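Every read-out reported here was derived from the displayed coordinates using simple, explicitly stated rules and does not represent laboratory data. Since the structure is predicted, the reported quantities are computational estimates derived from the model, not experimental observations. Note that we place each Cβ from the backbone using ideal geometry, even for glycine, and neighbour counts take in every protein chain shown.
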Amino acid sequence: MIAAIKTVFYFGPLLFAFGFIAPLTAKILERAGWDLPLGITPLIAGLVLAAVWGGYAQVKGRWI
């Protein structure tokens, strides 16, 4: 049980990014009515942003 909790906390930045930042970005893009290039859906754009920003936070240990 302790190992599972440690794993969750270790991947916390990525879990936060995919669970909060990705859907928030997708909803903002939908509400703004922006058309993304190449037919990219807002959710895919949010997931890409979350992967980049969450990966940075995972590696560096901070969000900014």
ask   = Quick one, which of (1) 1.30; (2) 1.42; (3) 1.38 is the actual Cα Rg over 2.2 N^0.38 Å calculated for this model?
value = (1)
remark   = GNM of the chain, Cα pairs under 10 angstrom: of G54, G33, G46, the biggest fluctuation goes to G33
task = Determine the relative contact order of the stretch 2-60: mean sequence separation of Cα pairs under 8 Å and six or more apart, normalised by residue count, in whole percent.
result = 48
query = For the residues L36, L49, what sequence is obtained by ranking on other C-beta atoms within 10 Å, fewest first?
reply = L36, L49
message = If I stretch the segment between K27 and L15 completely, what's the gain in nm (0.36 nm per residue apart, minus their alpha carbon distance), one decimal?
response = 2.5 nm
